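A.B. asks: Here you go, one structure.
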Amino acid sequence: MKLRQPHHAAPGDAAARRAARPVVAYRPDTLPPVDLAGLRARKARLTQRRSVVAAPRDAACIEVPAGAVFRIVCTGGPQVGDLNLWNARDLTERFYAGKTRALHGTHLSTGDRLWSSFPHLRPMATIIADSLDWYGFDADGASVHDVIGTRCDPYTARLLGGADYHQCCHSNLTRALAAARALDLDVAEGLVHDVLNVFMCTGFTADTHQYFMKASPVRPGDFLEFVAGIDLLVGLSACPGGDCSAEHSSDAAACHPLVIEVDTLPEGAEDDWQPPEPVPYDRSHGT
Ligand SMILES: [Zn+2]
């Protein structure tokens, strides 16, 4: 946090330095374009449905083949979900929230992509529908589906004076991944990563730019829908914060389940889906 009383006097040309023009670091129009109409047309052919439920204060994983649609649905009441994505064939390739934020902004919606970690940097999933897209940014500067927050976790909770709490999203995702792939708990924990905060309503305070959360506007029936670029293992935790209107990392909040639905082509149908390739950087790093 910046000092309210700086230790150093401003230089004489401080105003001129502050007046430098902001330049968007990564212009979205320089990214490969998204064919939303094509992705939506594909969705009409995906007539097989499976689903899994992330129980309150717990997480679930589900396999999603490349080219399938997956949809996170609010069913029981206002509830925030913490989403992790792994390449189903190589769990070390995973969602890169920080680079996704740099490319698309603090909060995601339709047309944005969830990019994977280095050395891959390819779109693991593309958002094709968002029933909360009407929310925009509110008077507090908040919006939904952020890639700012990391995930609630027992280490920070303990650091800040709480007791050991085992139903944080970090632990929920760790247990779910360990169970889905028969991994040791510590191996699974090392693969859990920063999330997309689905349905969570967050921003930065106007004065100190601190991360804040407020009651999610999500209601039963709301959904966020994606097309999987590559074969994915999708993990989702129903956050112990519930709608995240007050606190997380405790049993205080009302919590509800979240559903992940997966729509795929019927058995035996011909598929022309082309998974995106990793970025072809030569990886010599100047040596
Ligand atoms: Zn959480």
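A.B. asks: If you project the alpha carbons of the chain onto the principal axes, what extent comes out on each, in Å, largest first?
C.D. replies: Largest first, the chain extends 72, 46, 44 Å along its Cα principal axes.
A.B. asks: Volume per residue, Å³, of the convex hull around the alpha-carbon atoms of the stretch 58-134?
C.D. replies: Normalising the Cα hull of the stretch 58-134 by residue number yields 120 Å³.
A.B. asks: By its C-alpha gyration tensor, with a ≥ b ≥ c as the square roots of the eigenvalues, how is the stretch 1-160 shaped: rounded for a/c under 1.5, else prolate for a/b larger than b/c, else oblate? All intermediate terms of the calculation are to be shown ahead of the outcome.
C.D. replies: Values: a/c = 2.04, a/b = 1.58, b/c = 1.29.
Prolate, since a/c reaches 1.5 and a/b exceeds b/c.
A.B. asks: Restricting attention to the stretch 2-103, which chymotrypsin sites (Phe, Trp or Tyr not before Pro) occupy a DSSP loop and are surrounded by at most 15 other Cβ atoms within 10 Å? List each step's numbers first, then the result.
C.D. replies: Numbers: sites: Tyr26, Phe70, Trp86, Phe95, Tyr96; in loops: Tyr26, Tyr96.
Those that pass, being in a loop and sparsely packed, are Tyr26.
A.B. asks: Lysines within cross-link reach of Lys2: Cα-Cα under 27 Å, excluding same-chain residues under 8 positions apart?
C.D. replies: In chain and number order, the partners are Lys99, Lys214.
A.B. asks: With a ≥ b ≥ c taken as the square roots of the eigenvalues of the C-alpha gyration tensor of the stretch 187-287, please select rounded if a/c is under 1.5 and otherwise prolate if a/b is larger than b/c or oblate if it is not?
C.D. replies: Oblate.
A.B. asks: How long are the three semi-axes of the equivalent ellipsoid of the stretch 132-267, in whole Å, if each is the root of 5 times an eigenvalue of the C-alpha gyration tensor, listed from largest down?
C.D. replies: 25, 22, 13
A.B. asks: Suppose the chain between Ala10 and Phe204 were pulled fully straight at 0.36 nm per residue; how much longer would it get relative to their current alpha carbon spacing? Walk me through the numbers on the way to the answer.
C.D. replies: Numbers: separation 194, 0.36 × 194 = 69.84 nm, distance 2.51 nm.
Length gained, Ala10 through Phe204: 67.3 nm.
A.B. asks: Starting from 0 in steps of 10 Å, tell me what percent of the Cα-Cα pairs of the stretch 114-211 lands in each bin.
C.D. replies: With 10 Å bins starting at 0, P(r) equals 13, 32, 37, 17, 1.
Quick note: the coordinates plus some simple rules give every number you see, no bench work behind them. Model, not experiment: these values are computed from the prediction. Cβ atoms come from the backbone with ideal geometry, glycine included; neighbour counts cover every protein chain shown.
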